[in-house]
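The values are calculated or read from the model by the stated rules, or taken from the named source; none is laboratory data. Please read these numbers as outputs of a predicted model, since none were measured by experiment. Cβ: placed from backbone, ideal geometry, glycine included. Neighbour counts: every protein chain shown. Just so you know, the surface numbers come from the protein's heavy atoms only, side chains and all, with ligands and any DNA or RNA stripped out. Shrake-Rupley method; radii C 1.70, N 1.55, O 1.52, S 1.80 Å.
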Amino acid sequence: MSTERAAPEPDGPPGGSGNGDRVLAGIDAGGSSTRALAVAGGRVVFAGRGGPGNPLAAGQDALTASYLTALAGCPDPAAVAACVSGAGGARERGQIADLLADRFPGASIQVVPDYAGAILAAPDGTDVVVIAGTGSVVCSPAGGGRYHVSGGRGWILGDRGGAARLGQAALEWYCADRATDPEVTAQVRDCLGQTDWRGIVAALAVSPNPAALLASAAPVLTAAAEGGADWATTRLAAEMSALAAVTCRHIERHLSPAGQVRVALTGGVWASPAARAAFSHALAAPGSPSRARITILPDPLDPLDGAIRLAGLVSQPD
């Protein structure tokens, strides 16, 4: 699926220009965690972290707790910019904006989808950003403050290559084949607090946020793949091939068919060398129509950089 979605994109110079020593706060919120950063005069003055911040995945009480935990101790900012997974709709953006306004009543506040923040964090010349955090999505600028967006739809119907799908693949294998590797068993215990398949099924069934719980098991798959385990490399390749297919379809639909395409990566999944390698290999496969013109940028993006830049834009004096 590919859509164009609007997200506010203020005019003005790059973030921070003309802000002096005023505090600017940026938030990167996803299905598993909420990260916050505050800067003043080019210096980091606060960093915090909370629980899941996606308004489609967490209830109001849990959502409020996540943001308040991430922002506990943050000095009052002149502006707050939140780049939030699941905030593609006006209702969800308003929900987060109200929460932040209660916390910082004197601040200018802007809430955008996570992909808008990722694009703001990308270096000049980036054509496409592939986000693989708890979920996954492919995005590119469409002009006029709009974005082309492909994929997503949550871990049940989409999000291929995201951490929830990687964790799901690992746990499906584990519960079916009853791993005898003590290291894998220990990892599963660390993630879910148990190793019996019945207990794992029950934990997922009653979890208020199964995507985050599944995502916690993603390192089981990536670590095993990096160790050369066949079961893990096969399943990781399948997920990354699916995400590469979404990326190629996005490129063919929305970018010039003759031009080179610079692709940036962001999200926790890309911390795994095995995941990056599997994705790169899938993009270069003979069946990929875009393989000859794709360049993957070497360093993953941090959406918090985009959030801070956006906070600098919205805090410009009138």
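The residues of the chain have, on average, 42 Å² of accessible surface per residue, using a 1.4 Å probe with all protein chains present.
If the viscosity is 1.002 mPa s and the temperature 20 °C, what Stokes-Einstein diffusion coefficient in µm²/s follows for the chain when Rh is the Kirkwood radius over Cα pairs? In µm²/s, the coefficient is 107. Comparing Cα centroids, segment 174-224 and segment 19-76 end up 28 angstrom apart. Accessible area of Asp305 (1.4 Å probe, protein heavy atoms only, ligands and nucleic acids ignored): about 90 Å². Projecting label points 7 angstrom from Cα along Cα→Cβ for Ala62 and Thr234 puts them 3.3 nm apart. Ligands, DNA and RNA aside, Asp98 has an accessible area near 100 Å² when probed at 1.4 Å. Normalised by the number of residues in segment 117-222, the average gap of Cα pairs under 8 Å and 6 or more apart makes the relative contact order 26 percent.
Sorted from longest to shortest, the spans of the Cα atoms of segment 90-235 along the three principal axes equal 54, 37, 24 Å. With only Cα atoms counted, segment 92-154 has Rg and Dmax values of 13.7, 38 Å.
Within the accessible surface of the chain, defined with a 1.4 Å probe on protein heavy atoms only, the carbon and sulfur portion equals 54 percent. Rounded to the nearest 5, the antiparallel percentage of DSSP beta bridges internal to the chain is 60%.
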